[in-house]
Amino acid sequence: MTEVEQDNKFVLRADLRDHLDQVRSIAPYPLVEGAVITSSLDRTVKLWMYKDGNNQDGMDTTVEEGVDKNELLKKKSEYEVSLTFIGHENTVLDVTYWPPNEQNNNIGNIVSASHDKSIIIWKLNGEMQDRYINAHTGPVSTITINQTTNNIISGSWDKLAKVWSAGQCIHELKGHEGNILCVIAASNGDIITGSG
C-alpha cells in the first residue's frame, strides 16, 4: 500500500447511539462544526454535537510516539445529543436544515417529514414552529430545500412532490406511478424526483 493510499483509508471516528429504532435520515447541521441531525423510526429528530471539551476546529491529530492515530481521532470525535425534537405521531422519514431566509424570518430551522403525512418546521431550540398537517395524503418520505428560492420541496407515497412557500403549497408535481422516495432541487432550478 502506498503512503497516499494509507493516508486516505477511512476509519470509524464516532458511533452515535441514542435513537430507540432505525435511523432513516441524516443531514449536516452547518451552524456548528461537525454537528449532524438524524431522524428515526422512533418518531424523533435529534441534533448531535461534539461532547464538551473536544476540539471542534480541525482536530489536532498530531500523534505522539506510541499513540495510535486512529484511537486519538476516535477519542476526539465523541458526540452527544444536544436536542431531541418530539412532535411527529409516526416514523420520521427525512430531515434537513433550512438556512435563514425571508420565509423563516432569517432565523433558520430544521424541517422534518414523517409517515404521519405531516411536515414540521422546528425552531433551533427544539420547539415546534409550524406543522403542515396532512401535507400529503400519504407518508411524506423525502424533503429538501431549494437553495435558489428557499422553498421547501416534499415527496410522498401519494405519488406527488409539492413545493411549499410561506406555509402554502404553491405547486403539485405529478407524473410518477409509484411512491416518491427522493427529491432534489438542482442548481439550474429543476426539481428531480425518484420513485418506486
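The values are calculated or read from the model by the stated rules, or taken from the named source; none is laboratory data. Given the structure is predicted, the values throughout are model-derived calculations rather than measurements. Cβ coordinates were reconstructed from backbone atoms using ideal geometry, including for glycine residues, and neighbour counts include every protein chain displayed. With ligands, DNA and RNA removed, areas are computed over all heavy atoms of the protein, side chains included. Shrake-Rupley method; radii C 1.70, N 1.55, O 1.52, S 1.80 Å.
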Q) Of all the residues that make up segment 30-47, how many are surrounded by fewer than 20 Cβ atoms within 10 Å (Cβ to Cβ) and either at pLDDT below 95 or closer than 26 Å to PRO100 by Cβ (or both)? A) 7
Q: Would you check which residues across segment 12-34 are basic (Lys, Arg) and assigned to a loop (DSSP other than H, G, I, E, B) and list them?
A: ARG13, ARG17
Q. Taking segment 130-149 as the region of interest, how many residues are open to solvent by 70 Å² or more (accessible area, probe 1.4 Å) and either without any contact (Cβ under 8 Å) to a residue 40 or more places away in the chain or within 19 Å of LEU41 (Cα to Cα) (or both)?
A. 3
Q. Does segment 69-84 include one or more residues that are modelled with pLDDT of 75 or more, out of contact with any strand residue (DSSP E or B) (no Cβ under 6 Å at 6 or more places or on another chain) and not in a strand (DSSP E or B)?
A. yes
Q. If you go through segment 98-116 one residue at a time, do you hit one that is at pLDDT 95 or above, assigned to a strand (DSSP E or B) and open to solvent by 20 Å² or more (accessible area, probe 1.4 Å)?
A. no
Q: Look through GLU127, GLU177 and report the one residue that is open to solvent by 60 Å² or more (accessible area, probe 1.4 Å) and either in contact with a helix residue (DSSP H, G or I) (Cβ under 9 Å, 6 or more places away or on another chain) or within 19 Å of ASN90 (Cα to Cα) (or both).
A: GLU127
